[in-house]
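Below is one structure, written out as structure tokens; comments come after it.
The values are calculated or read from the model by the stated rules, or taken from the named source; none is laboratory data. Model, not experiment: these values are computed from the prediction. Neighbour counts run over all protein chains shown; Cβ positions are idealised from the backbone, glycine included. Please note that ligands, DNA and RNA were not included when accessible areas were found on the heavy atoms of the full protein model with its side chains. Shrake-Rupley method; radii C 1.70, N 1.55, O 1.52, S 1.80 Å.
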Amino acid sequence: MKVTISVIKADVGSIGGHIRPSEALLNKVKKVIADKAKGLLIDHYISYTGDDIAILCTHKRGVLDEKVHKMAYDAFLAGTEVAKKQGLYGAGQDLLKDSFSGNIKGMGPAVAEMEIEERPNEPFLFFAADKTDPGAYNLPVYLSFADPMYNAGLILAPSQEKGFRFTVMDVEYVDADRVVDINTPEEMYDLAALLRDQERFVVESVYSRKNNDQAASVSTTRLHNIAGTYTGKDDPIMLIRTQGNFPATGEILSTFTIGHYVAGFMRGSHHGPLMPVKLNSSISYFDGPPVVSCAAFCIRNGILSEAVDAFDHPYWDWVRGQVSQKAQEIRRQGFFGPAMLPFSELEYGGIVEKLKRIDKKFKVKK
Ligand code: F6R
Ligand code: MG
Ligand code: MG
């Protein structure tokens, strides 16, 4: 049976700054989705990560479906009304264009979707990150699908020996989607050359080369490009199918042990380590650290199992301690060097203005 898994997420307001949405806001989104689900969705699951609310749903309408996207847009719009009434911070911040025009892509909310031929048992992972951008997934996806140091299946499982195909997007190109397909293992070095630049080249999707089945879908929105000015970091989501012809769940999770440095953190303008957190976690230290949560599911005929929290295990408590230490190491140097993002990625205009002013005072020595 063909099933579409769609996740649409947005920040439409949060308590105490950018910590987490209110219960009333979440309940409103849940209510709107529950009301509109009839005849449209097979199943749905609503959660939050930091200040972002994610609507995960299954249906039979394919990707980029107008009705499904409109449902999410309407839920976020209704949520914004609650956020405004409660005086929540950043009410409606990710609804950047005020009228809906067919699909939600390019409007502000992040979207990750896959239409799949459902396997008799269909495990998948839903990742949601806050205080960072889509490039944050480059390293874990690269390691999961192309590096046998993390994915033992690449050498042990015959089903993976042909490798995977990555579709990589140039997110600086804003007129349309500009993408390139890279086959691993043969083109590993090309993939590495692209993915090291997390702000420009972003993995959009991954396919098995055994049978062309889609393995992963990543949201690639850059709010910065849509709004032309800072309205919040892009806070990406990702779906990954696991087991069988795909990496095992544990192989994928293992890549999050690194707590690699990503762009985001305070004012979307710093580097910080990506911390794997429990479902429905809030944001704290220096408006961060950048966090990622993971809900594991199985589906049958599109019906979701309960969500299992993949980072709720004693092992990840140890990782969180290590990642806190990495956060402290980089924070100790404040705005110097790699602690703050390069000029082109700063999300606030303050430095640009300052440099313009100072520039006039420069003199060239004779
Ligand atoms: C990061 C983020 C926050 C804000 C910061 C200042 O994505 O949203 O770190 O940038 O709290 O917010 P404003 O400028 O709204 O006071
Ligand atoms: Mg926010
Ligand atoms: Mg957010």
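Of note:
- The residues of the chain expose, per residue, 44 Å² of accessible area to a 1.4 Å probe.
- Within a Gaussian network of the chain (alpha carbon springs, distance under 10 Å), most fluctuating of 218, 206, 352: 352
- For segment 291-366, the square roots a ≥ b ≥ c of the C-alpha gyration tensor eigenvalues yield an a/c of 1.5 or more together with a/b not exceeding b/c, which makes the shape oblate.
- Relative to the Cα centre, the charge distribution of segment 123-265, modelled as +1 at Lys and Arg Cβ and -1 at Asp and Glu Cβ, gives a dipole magnitude of about 320 debye.
- The chain: most fluctuating residue of 133, 177, 43 per GNM, C-alpha cutoff 10 Å: 177
- Under the convention that each Lys and Arg Cβ holds +1 and each Asp and Glu Cβ holds -1, the size of the dipole of segment 46-166 around its Cα centre is about 160 debye.
- Entries of 326/356; 131/356; 9/356; 60/162 with Cα pairs more than 32 Å apart: 326/356; 9/356
- With the simple model of a label 7 Å out from the Cα in the direction of the Cβ, residue 19 to residue 176 spans 4.7 nm.
- As computed over segment 2-353, the Cα convex hull volume per residue (Å³): 130
- Segment 193-333: translational diffusion in µm²/s, Stokes-Einstein, Kirkwood Rh over Cα pairs, 37 °C, 0.692 mPa s: 195
- The chain: DSSP helices with Cα axial extent of at least 15 Å and average Kyte-Doolittle hydropathy no lower than -0.5: 23-37, 66-85
- Cut-off 9 Å between beta-carbons: net charge of the residues surrounding residue 214, Lys and Arg +1, Asp and Glu -1: -1
- Largest-first principal axis extents, alpha carbons of segment 94-236, Å: 50, 36, 25
- Remark: spin-label model distance residue 309-residue 38 equals 3.4 nm, labels positioned 7 Å along the Cα→Cβ axis.
- Fluctuation leader among 62, 163, 102 - the chain, Gaussian network, Cα springs under 10 angstrom: 102
- Coil-residue chymotrypsin sites (Phe, Trp or Tyr not before Pro) of segment 161-221, DSSP, other Cβ within 10 Å capped at 12: 173
- A dipole drawn for segment 2-353 from +1 and -1 charges on Cβ atoms has a positive end, and of 205, 42, 125 the residue lying farthest that way is 42.
- Net +/- balance of residues flanking residue 326 in space, Cβ distance below 15 Å, scoring K and R +1, D and E -1: +3
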